Every structure is written in C-alpha cells, then in structure tokens.
1. Quick one: what does P(r) look like for the stretch 432-497 with 10 Å bins over all Cα pairs, in whole %?
2. Against the longest alpha carbon principal axis of the chain, how many degrees, from 0 to 90 and to the nearest 10, is the axis of helix 27-53 turned?
3. 7 Å from Cα along Cα→Cβ at both L442 and R358: what's the point-to-point distance in nm?
4. Can you give me the Cα centroid spacing of the stretch 76-97 and the stretch 517-550 in angstrom?
5. Report the rotationally averaged projected area of the stretch 469-548 based on its alpha-carbon convex hull, in square nanometres.
6. Taking the Cα-to-Cβ direction at A412 and at A172 and moving 7 Å from each Cα, how far apart do the two end points lie in nm?
7. How many nm is it between the label spots at R205 and R143, if each spot is 7 Å from the Cα in line with the beta carbon?
8. Kirkwood hydrodynamic radius, the stretch 228-343, all distinct C-alpha pairs: what's the number in Å?
Amino acid sequence: MSGILTMSGSDGERPAARAERIRAPLVRPRRWLFAGLIAATALIGIAMMLDIMRAGGVTGLEVVILALFAATFSWIAIPFWNAVIGFGLTVLGRDPLSLAAPRPAPEDGRPLASRTALVMPIRNEDPARVTAGLAAMLRSLARTGHAGGFDLFLLSDTTDPAAAQAEEAAWAALRGQLDDVAGLHYRRRSANAGRKAGNVADFCRRWGAGYECMVVLDADSVMSGPALVRLVRAMEANPRAGLIQTVPIPARRATLFGRLIQFAGCLYSPVLAAGQSFWQTDAANYWGHNAIVRIAPFTAHCGLPVLPGRPPFGGAVLSHDFVEAALMRRAGWHVYLLPSIAGSYEEAPENVVDYAKRDRRWSQGSLQHLRLLATPGLHPVSRLHFLLGAAGYVSSFVWLLLLLASTLYVLAPAAGGAPLVSVPGSWVGGGPPVSLLAVTGLLLFVPKLLALLLALAGRRAQFGGAARLLAGTLLETLFAVTVAPLMMMFHTRFVASVLTGHDVPWDAQVREGRMLGWREAAGSVAWTTAVGAAWAALTLYHAPPFFLWLTPIFAGLLLAAPLVRWTSSRRLGEWTRRRGLFLVPSEMEPPAELRSAPAAEPEPPVAPGLPAVPAPEADLTT
C-alpha cells in the first residue's frame with residue numbers, strides 16, 4: 001500500500017484524539033529506499049571481496065567464501081541501516097511513521113470508549129512474582145483514572161500440582177487485598193492444548209466477545225498505566241489497526257550478564273526500533289507480549305496452522321507471534337510498531353545458559369516459519385519477517401562456515417610450505433583486506449556509536465552521567481565481541497539440531513538470576529572450548545599471522561567457561577551497580593510500576609495503599 005495511511009475522523013475531533021491517529025506517508029518509497037540501501041551496501045562489500053580474490057584467479061573455495069561472505073555482510077547491513085535511519089529521525093525530531101514532528105497527546109479527561117482485557121498466560125511460574133507485577137500494573141492504572149476500562153485475566157496452564165496450589169493461594173491473597181478492584185479473573189486449564197497460543201485462543205473463544213481489545217502480557221511483563229491507556233486510545237483512534245506493538249525494555253536484572261543485556265537493550269533498542277518502524281509502517285511484527293490486539297479480527301483470522309509432518313519442522317507452530325501478525329496483515333488489518341510508547345518492560349535471562357535455552361526454542365520456531373513463506377496472500381514485509389527471524393540463527397551457522405572456509409583457504413598453502421604473506425589474495429597482508437575489515441567494523445559498531453551519541457545528547461543523566469555511560473558502552477562492546485563466538489557456536493548447534501530432526505521441550509523460563517557452578521558452566525561449553533582449542537592450535541602452528549587475526553574468535557571460545565560462570569554472578573552485578581556501571585533509566589529514576597514489582601527477591605504481591613477502583617465482578621476461577 002502506498003500513499004498516506006490515515007484513519008478517518010470528524011472535523012470536530014478533539015486534539016487528543018487527533019494526536020493518536022497514525023499516519024504513514026510514502027510507504028512504498030521508504031521500503032524501496034531501505035531495500036536499496038541494504039543491496040548497495042552488500043554490493044560494495046562483495047566488490048571489495050572480489051578485489052581481494054581476483055589477484056590470483058578465483059578458485060572454487062573462493063567462490064564458496066564469497067557466497068558465505070555475501071550472506072553475512074548483507075545480514076549485518078540490516079541493523080546498520082536501521083540504526084542510521086533511527087538516528088536521523090531522532091536527531092531531526094521526526095516520528096518514524098508520520099515523518100512529522102511528534103504530537104503529544106494532551107490528556108483531556110475523556111473516558112475510554114471501549115473495554116480492554118489484560119491477558120497474562122502463565123505456566124509453572126513463581127506466583128508471588130506474577131501477582132506482584134500484576135498488582136503494580138493495576139495500581140498504575142488506578143492512578144490514571146481509567147482502571148474501570150480494563151479487566152485482568154490470569155490464564156494458567158500450570159501442570160505441576162504443588163505449583164498450581166501455590167498459584168491459587170497467591171491469587172486468593174491478591175483478591176483478598178484487592179477486594180475493591182473490578183474485573184479480576186483467574187482460570188486454570190486442565191488441558192494445555194496449543195501452549196501459550198492455545199491459552200490465548202481459549203480466552204478469545206470464552207470471553208473475547210465482551211472486549212474490543214486485549215493487551216497480551218508475558219509472566220515477566222510490566223506495563224505502566226499511561227502506556228496501557230495510550231495503547232487503547234491508539235486503537236480507538238485507528239479503527240483499521242489490528243495490532244500495536246510496543247518496545248519492551250529490559251528491567252530489574254541483577255546478575256552481571258543480566259545487567260549487560262539490560263544496559264544494551266535500554267541504550268540500543270530505541271534507535272533500532274525507530275528505524276524498523278520507518279520501513280515496516282503498517283506491516284510491523286508482533287513479539288508476543290506487551291502489545292494490544294483487536295480481538296474480533298484476531299479470532300477470525302489468526303488461527304495457527306498445523307504444519308504437516310513431525311516436529312521439529314512439522315506439527316504446532318512454536319513461535320506463534322510472527323505468524324499471528326502476518327495473518328492479521330493478510331486480512332487487511334494494520335500492524336504497527338510504536339517506539340514512542342514508554343513504560344513497557346520485560347525481563348531477560350540472567351546468564352548465558354538460560355539465554356541460550358530460550359534461543360533454542362526460538363530457533364526451532366523461526367526455522368518453522370520458512371515453511372510458511374509460500375502461504376498465499378501474505379504481505380511481502382510479513383514474508384520478510386519470517387526470513388529475518390530464521391536468518392537470525394542461520395546467520396551464525398553461515399558465519400562459522402565462513403570462518404572455517406577462510407581458515408582452510410589460508411592454511412592450505414601454509415601447510416604446503418608456501419610463504420603465507422606472499423600468497424596472492426592473502427587475508428593477512430595490508431591493503432584491500434584491511435579496508436574490508438574496516439568497513440565490516442563500521443557496520444558492526446556504528447549502530448552502537450549512534451545510540452551512544454543520542455544518549456549523550458539527551459539521556460546521559462539517565463545512564464549515570466557521561467563518564468559512566470561511556471565506560472559502560474565500552475565494556476558492553478567488549479563483552480559483546482567476546483561472547484559473540486560463543487553464541488555463534490550455540491546457534492550453529494541449534495540449527496544443526498533442528499535440521500537433524502531433534503524437537504525441543506517448551507518449558508517455563510528461569511526468571512530469577514542464579515550463579516552457575518563451575519561444573520554447569522564448563523559442561524555447557526565444553527564442546528565449544530574443545531573446538532576452539534583445536535582450531536586455535538592448528539591455526540597457530542601453520543599460520544601464526546592469521547591466528548592473530550582470529551584472536552577475538554579464539555578468545556571467546558577458549559574463555560567460554562569463565563565467561564559463563566562469572567557473568568552469572570549477582571555479586572559482580574551488584575558491584576557494577578554500586579560503581580555506576582551499566583546503570584539504566586529504570587534504576588536512576590525507578591518508575592512506580594517497577595518499584596512495586598519484585599526485583600532480585602520476591603516481594604509481597606501487593607503493597608498497601610492501592611488506590612480504589614470500581615467494585616469487583618464475579619471470579620471466574622475454575
């Protein structure tokens with residue numbers, strides 16, 4: 001769709017309502033611009049690589065290297081241009097959708113015209129943390145004066161009997177302390193068909209007709225009352241919007257790894273999301289939580305297919321969110337990403353092992369999406385979301401193949417006794433190889449630099465000041481470089497596991513930070529360290545200059561065990577916090593929602609003094 005996407009409104013529309021209308025001019029030109037930038041960047045990199053190779057004639061191995069390089073180089077160009085576009089829009093003070101100056105929505109006291117369900121599916125979660133987070137959101141909603149427009153549904157798929165008993169007790173305690181709050185509903189299914197997607201679908205069938213929209217939450221989600229109200233107002237002002245996704249920002253992390261991930265998310269996500277919103281426009285993606293969904297079209301059009309064949313490629317779709325966004329857009333409803341809505345938070349895994357376990361599940365779901373690329377009627381951008389989701393994991397496999405092929409390319413003449421540095425097209429001399437390395441480094445690190453510049457210009461106090469922000473960014477970049485080879489190996493193993501037919505269980509995530517013992521840390525990366533040691537020894541023996549080039553790769557692989565162990569430490573995480581490293585806005589100026597919700601240790605589910613909201617409806621506990 002090209003031209004201007006704008007939602008109808010009367011001439012007498014209030015300014016607050018007009019401010020919530022979503023406009024997106026020049027949709028096709030901006031998508032072609034983004035695609036052209038990626039293609040031009042890829043062609044420049046490929047041309048530079050060909051210039052390196054052609055001196056001695058292009059061999060079969062060099063053709064393989066070129067193909068692998070082209071895929072890898074194109075992949076890293078995508079976040080680069082997202083960041084450049086997001087940076088430009090932010091500096092110019094432009095909204096990524098309308099391309100105009102953002103219009104703040106004045107609060108004119110209008111009541112919400114629709115009712116919205118807050119829907120949180122859970123399975124074997126810590127009930128104290130869950131109910132505390134819910135209480136924080138209800139308290140925040142009450143402060144907006146619009147809590148009467150929302151009902152809460154806690155939808156349990158818990159299978160463990162002891163956990164279910166604790167869950168019901170926590171819910172009863174929550175109801176007892178919130179006996180003046182309307183619309184608190186709890187339901188536990190006896191059959192867990194369809195996992196989370198099935199849980200949400202069951203809600204839509206049973207109660208969806210009573211609501212215009214639902215805000216889907218994960219067990220670790222926290223959203224502020226103003227953010228929830230803004231989502232509802234945006235849906236009311238844009239009747240063709242089927243789904244609006246916010247940008248969840250990591251919060252409440254305690255371990256060193258968790259704080260590094262939290263810092264990176266807070267610093268880089270806004271600029272990257274602005275760039276994504278610019279070209280996705282009305283065909284954005286859905287990340288499964290912290291988003292508002294219009295229930296009627298979701299129920300009518302977003303039923304998930306069952307893929308033919310056996311898992312991991314067949315059976316139920318694991319990563320349902322991408323598919324639901326694609327089906328919503330196929331039906332003609334608009335899907336938006338609104339980076340401007342603040343107050344949307346989530347938690348991230350607190351150590352490398354738990355982070356990798358989550359990625360294993362996501363990798364299988366993303367690879368399943370490749371089977372849906374030929375689905376009739378999908379929007380081209382929705383197909384691109386499927387491709388990019390799978391590429392996020394396949395690219396690691398391609399990167400590893402590129403490194404191994406490059407090693408073979410260098411070692412083959414070195415092992416035969418030829419002087420390495422004089423080999424035509426060698427990657428260890430100066431000139432073109434160094435130039436290509438510099439361009440690659442720009443693509444990788446400029447997004448971080450641009451996000452840092454924006455934060456220094458406007459948000460440095462929220463990160464503890466300029467000096468702490470600079471130090472934190474430098475250390476986070478060093479950590480990202482060191483951990484990248486380890487994640488490359490993990491992702492390669494995940495892709496290989498899926499390709500060889502190994503299914504994955506979909507268990508509850510570990511939310512609490514935990515210090516990994518040396519046995520677990522070393523055991524989780526033993527194969528990675530062994531591969532790294534053999535690779536490094538072979539390269540050092542036959543080609544010492546090339547070994548130096550691969551030092552960052554070898555360092556990440558050989559230091560994997562201590563890296564996994566030490567970054568899981570809550571003590572080191574607290575040490576960095578006390579010294580002002582990796583501080584984030586939610587720590588410098590904690591919003592009320594996060595002060596009330598649990599952090600390192602579970603807190604009582606409800607703090608006293610919760611403002612009153614309308615009287616309760618019947619409990620739907622089953």
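1. Result, from short to long distances: 18, 34, 31, 15, 2 percent.
2. 20 degrees
3. The two pseudo-label positions are separated by 3.4 nm.
4. With the stretch 76-97 and the stretch 517-550 each reduced to a Cα centre, they are spaced 37 Å.
5. Numbers: hull surface 35.1 nm².
Averaged projected hull area, Cα only: 8.8 nm².
6. Label-label distance for A412 and A172, simple model: 7.2 nm.
7. Once both label points are built, they end up 4.0 nm from each other.
8. Kirkwood radius, the stretch 228-343: 15.6 Å.
Coordinate-derived values only; no laboratory data. Worth saying up front: this structure is predicted, and the values here are computed from it rather than measured. As a convention, Cβ positions derive from the backbone with ideal geometry for all residues, glycine included, and neighbour counts pool all protein chains shown.
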